[in-house]
Amino acid sequence: MREREPLVAGGLVALLLVLWLGFLVHRDPQSAGSAWGGVLGVSGAVLMVASLAYSVIKRVRPVKAWVTRRVSMRAVLGWHMYAGLLGAILGLLHTGHKFDSPLGVALTAAMLIVVLSGFVGRHLMKQIALDVNEKKEMLTRLESAYRQAAGDLAADPGQAALVRPWSGVWGRLAAAVFQVFPRTASAPPPASVRAMALAESMADLEYAIKTDETFRWWFGFWLRIHVVTSVVMYLLLALHVWAAIHYGLRWFA
């Protein structure tokens, strides 16, 4: 199930976006006020409120200690994610693609941002973190091999003299372009060739790690956006429920 989780969550997010874009071809002004529209709206609101349990469990230590003795936080996070996704889908079905009210438009926009930011934070940031860890492990192995090649060069002054003019970023680039250190499969490469190849690989990995870390830093804002827009969404949801009760629940008539 863990392996399928990104696929399932991604499918639900895609379904949510398709349902939202349905307003381009469909519009039912009576949907929200109908009996089925009311059932969908109440069910969606209940699921979205229920997804708040994760935030309470995560931040209240006694509650977290009690819950984690019975289920893992991963399971609670899964409930938070799927309840929020299904609640948003039911909420969009409830609207019937009627987006005339400013409150309804604001609530729908906040709901979409919450879902998308949660999906990004849950899966894309996790994948970036895994990629960074794998690249760091590979870089550690390359550094070990480079130290061995450097030791071989130190023991062979002639090989070290060959490498010295091609040191530095531009030197390594020129050596690669003009194939100063050709690689052959018929014999083990000399220390100079190994050192240059390892230096190139290490430089590429370090650049890739730095790029991933930059993306990870920027994606960190998604978590803040998720929290802030979640607060806004629940306030708008409460206002929407109040307005529905205040102006009359047509589908109860």
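Just so it is clear, none of the values below were taken in a lab; they were calculated from the coordinates. Since the structure is predicted, the reported quantities are computational estimates derived from the model, not experimental observations. All Cβ positions, even for glycine, are placed from backbone atoms using ideal geometry, and neighbour counts span all protein chains on display.
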Candidates per trypsin sites (Lys or Arg not before Pro) in segment 1-100, loop by DSSP, up to 14 other Cβ within 10 Å = 2, 4, 27, 69, 70
request  = Note down the relative contact order for segment 1-86 as a percent, whole number, built from C-alpha pairs under 8 angstrom at least six residues apart.
outcome  = 37
remark   = Over segment 1-146, the quotient of the Cα radius of gyration and 2.2 N^0.38 Å is 1.34
note = By Cβ neighbour count within 10 Å, fewest first, 16, 77, 112 rank 77, 112, 16
